1. About the Cα centre, and with charges only on the beta carbon of Lys, Arg (+1) and Asp, Glu (-1), how big is the dipole of the chain? Nearest 20 debye, please.
2. How charged is the neighbourhood of Y48? Take every other residue with its Cβ under 14 Å from the Cβ of Y48, and add Lys/Arg as +1 and Asp/Glu as -1.
3. If we count chymotrypsin sites (Phe, Trp or Tyr not before Pro) as exposed when they sit in a DSSP loop and have at most 15 other beta carbons within 10 Å, what is the longest stretch of the chain that avoids them all?
4. Hey, which lysines would be in cross-link range of K180, C-alpha to C-alpha under 27 Å, not counting anything within fewer than 8 residues on its own chain?
5. Per the Debye formula with a single identical scatterer at each Cα and no solvent contribution, what log10 I(q)/I(0) holds for segment 66-142 at q = 0.17, 0.25 Å⁻¹?
6. Does anyone have the angle between helix 171-181 and the longest principal axis of the chain? Alpha-carbon axes, 0 to 90°, nearest 10?
7. At what distance in angstrom do the alpha carbon centres of segment 157-180 and segment 3-44 lie from each other?
8. Scan the chain and hand back the longest stretch that contains none of the GluC sites (Glu not before Pro) lying in DSSP loops with at most 13 other Cβ atoms within 10 Å.
Amino acid sequence: MYYSISGKVIYCGEGRLVVECGGVGYDLAVSTSTLIKLGNIGQQVTVYTYLQVQEDALRLFGFYSREEKAMFENLLTVSGVGPKLAIQILSGQELGQLVSSIVNADVKAIASSKGVGKKTAERIVLELQGKLNADGALESILGANATPIVNSGDEITRDAVEALMSFGISRSQAEQAVAKVRGNADDLESVIALAFRSL
């Protein structure tokens with residue numbers, strides 16, 4: 001029903017963003033990432049939306065990008081994951097990190113999100129891993145120009161990511177840098193050196 005809303009931010013608080021459009025304030029439940037990117041009072045924003053319809057209520061969820069909304073909708077297909085929990089999962093990790101955790105079956109990282117137990121995290125991996133690995137699926141979540149998520153099962157890749165992180169580089173940046181150069185080198189030192197240059 002609502003694809004997106006464009007207007008001025010008139011309120012932001014924990015998990016909430018109110019966007020005024022045409023004299024109407026739309027109260028949106030949002031992830032921490034969306035709040036960080038769009039949560040400045042007076043800022044003109046476009047928020048992608050998802051409408052939850054219940055017998056006694058309508059609830060709007062907002063997302064800073066189409067990719068975050070796509071991930072949200074994928075999470076809703078998992079048994080036992082509703083909109084509220086999906087938002088908490090998106091708040092637990094950056095989008096790229098979350099996709100990486102699912103693709104690489106990092107149950108512990110997914111379970112670190114508020115309200116997510118080990119069994120729920122395992123279901124998310126089980127039900128979404130194949131879907132996200134399918135042709136075109138990662139691009140639809142991370143954008144057409146996204147760097148492929150690295151396979152942390154590869155020892156050199158894993159060690160290279162850890163090495164970059166030891167220099168204060170975030171996991172998502174390290175993974176993207178390593179994924180970019182992994183096919184150009186076969187030994188750990190070369191992968192690290194090339195990844196550094198690409199940052």
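1. So the magnitude is around 480 debye.
2. Value of the local net charge: 0.
3. In short, 4-166.
4. K37, K69, K108, K131
5. One equal scatterer on each Cα of segment 66-142 leads to -0.52, -1.26.
6. 50
7. Computed from Cα coordinates, the inter-centre distance equals 33 Å.
8. 56-199
Every number in this text was worked out from the coordinates using simple rules, so none of it is lab data. Predicted, not measured: the structure shown is a model, and the values here were computed from it. All Cβ positions, even for glycine, are placed from backbone atoms using ideal geometry, and neighbour counts span all protein chains on display.
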